[in-house]
Amino acid sequence: MFWDSKIETMEREELERLQYRLLKTLVYRLYSFSAFYHRRMEEAGVHPDDVKTLADVVKLPFMFKRDLRDNYPDKLFTATKEELVRYHVSSGTTGKPTVVGYTENDLEEWTVSLARALTSCGLGEKDVIQVSYGYGLFTGGLGLHYGAERIGATVIPTSVGGTERQIELMQDLGATAICCTPSYLLHLGEVAEKMGVSIRKDTKMRVGILGAEPWTAEMRNRIQDWLGIKAYDIYGTSELSGPLFTECTEQNGIHIWGDFALTEVVDPKTGEQVADGEKGELVMTILKKEALPIVRYRIGDITSMTREVCACGRTHPRIMRITGRVDDMLIIRGINVFPSMIEHTLMGIPEVGQHFQIVVDRKHELDTLLVRVELKPEAFSDKITELMKIKEMVGKRLESALTVHADVELAEPGSLPRFEGKAKRVTDRRKM
Amino acid sequence: MEHEKYFIKQISVFSENKPGRLAAIAKAMEDEGVNIFAFSIAEADGFGVVRALVNHPDKAYRKLTALGFVVSFTDVIGVKMRDEPGGLYEVARVLGEANINIEYSYAYSGKEAAVLILRVDNIRSAIEKILAHGGTLMEAAFFR
């Protein structure tokens, strides 16, 4: 099923010609109308005339999160107050919040992108979609709300929280899909079980559109097996407009609509493009954005991309699951450790649950890594030696995956914090 | 032989080693009107297992589980010891000679006797050996 089969299955060469035209238009527009971008291009010694092919995008300077912060709230905008129709404000988890403005066309592009994406997940007008992302300044709720309405689905705008009520409504209104963070869905599944409700048996739920925080393939398997739904990864950040792109029913990478965005993956240190299939930092140019231009924006997410045609027939590039953030990376005794690697390892150990906490500290000038995990009730043994074996096994598995020693603490099931929004699992107590 | 009447149902509770956890367990027992006969804490690095013999193990299990604790039942035996020097040696010797391993044990000295509570790797064989040597085992019924 396609929302716009002509665009979505366009030949790659034709798509690249379209991207080139859009890029060229964008660069001329910004050189003429954005003081910030004009200055940036002059500093980089590049003129719009230098962009002669799509590959010439590498001549353009990068944009960083700090550019948005330094120009708080709206100094980068290239739309007038009359043209602006909405603001969203980022959660500010990595610093000062950033403000994103939208023109009517920006909202339309965002909605169309999600309409294509949701259709590619097999959703349509017969579906009842529960939007359990936060509504308000966060882009998740309203973004998916309009995307879901566009495809003709019925929206239940539950927003976050009130989990028991969410479960009742899911049953009573026959919701077939839910959009939320993967950790919230796990929480919801646990609460449902406590209420005696099986998501698998007692609801019509069949699809989860999950994102806004990093998660792993193992977590997907666990969610699918446990809840009996298909779980799809969704991608986007507020600077790009919000959640924009998802996997299709093939579940093999997130389709990035080429007529919306030009995708690059670069080496975070050198800024040079890496080969398709190689991991690096995601860089995006949003080709038709009007209010807040985004050109070669260093998002900080680690992924790889492929330009191979997907089995679903869509020709647009795909990015693979986000495996970490450039700025989430912990350096422990000189070794790069991503929290996602810890999550990945724990998912493969049936004796422990899916929630965890990481505490990094420094004792006697040496970094220490402590991973707190919940013991699964089924793995409980009355014998201390058996419990010690589990603890040691978890420690060994982590050490072999991370190549750095990890202390493990076994916690009681349900005792580690659950997160309804973005998970905050890392505490770094080191004083640098 | 009716071994089962000597199988005492012990509750074991997984607990993080942090202030207030024992109080939480004890409070739950009080709230349910459950009396604790014997009790031990085995502690390891950061966590522990609280083991107890109580008069209403099922009630205790339900309450603790509802509070989010991980609880399991384990069959143990209670051996009456002579409350004088050599009492423990007698019991331990009998089991040692029969090659029965004691996984853990704890004791209490009550009104009627000193009782050694044992978790062994072969509960049936332990019961037979102790009885064959003229030992006395507490019946599970006593703890109800």
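Values in this text are rule-based calculations from the coordinates and carry no lab data. Source: prediction; values computed, not measured. Every residue, glycine among them, receives a Cβ derived from its backbone with ideal geometry; neighbour counts consider all protein chains shown.
Values as computed for the structure displayed
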| read-out | value |
| --- | --- |
| Burial ordering of A:LYS65, A:LYS391, fewest other beta-carbon atoms within 10 Å first | A:LYS65, A:LYS391 |
| Spin-label pair A:ASP49/B:ALA44, simplified geometry with 7 Å Cα→Cβ offset, distance in nm | 7.4 |
| Restraint check, A:LYS96/A:LYS424; A:LYS6/A:LYS81; A:LYS59/A:LYS288; B:LYS9/B:LYS59, Cα-Cα greater than 23 Å | A:LYS6/A:LYS81 |
| Average partner coverage of A:410-418, which counts Cβ from other chains inside 10 Å | 4 |
| Exercise: per-residue mean of other protein chain Cβ atoms within 10 Å, B:43-49 | 6 |
| Computed E for A:GLU104/A:MET1 - FRET, C-beta separation, R0 22 angstrom, nearest 0.05 | 0.20 |
| Cβ-derived FRET efficiency at R0 51 Å, A:LYS194 paired with A:ARG86, nearest 0.05 | 0.85 |
| Tilt relative to chain A, helix A:139-150 - C-alpha long axis, 0 to 90 degrees, to 10 | 70 |
| Normalised contact order of segment B:51-125, rounded percent, pairs of Cα under 8 Å and 6 or more residues apart | 30 |
| Efficiency of FRET from Cβ geometry, B:ASN35 and A:ASP74, R₀ 60 Å, rounded to 0.05 | 0.30 |
| Low-density loop positions, trypsin sites (Lys or Arg not before Pro), segment B:1-89 - DSSP coil, at most 15 other Cβ in 10 Å | B:ARG82 |
| Amide H within-cut-off set for B:ALA107, under 5 Å, with H built and near neighbours excluded | B:ILE117 |
| Relative contact order (%) - criterion: Cα under 8 Å, at least six apart; region: segment A:96-164 | 35 |
| In segment A:39-136, GluC sites (Glu not before Pro) in a DSSP loop with at most 15 other beta-carbon atoms within 10 Å | A:GLU82, A:GLU125 |
| Inter-probe distance in nm under a simple model that places probes 7 Å from Cα toward Cβ, at B:ALA141 and A:ALA35 | 9.5 |
| Percentage relative contact order, chain A, counting C-alpha pairs under 8 Å, at least six apart | 14 |
| Share antiparallel - DSSP beta bridges, the protein assembly as shown, percent rounded to 5 | 75 |
| Cβ-based exposure ranking for A:MET341, B:MET81, in which fewest neighbours within 10 Å come first | A:MET341, B:MET81 |
| Signed unit charges on C-beta, dipole axis of chain A, positive-most listed residue A:CYS121, A:LEU186, A:TYR146 | A:LEU186 |
| Degrees between helix B:87-97 axis and first principal axis of chain B (Cα, 0 to 90, nearest 10) | 80 |
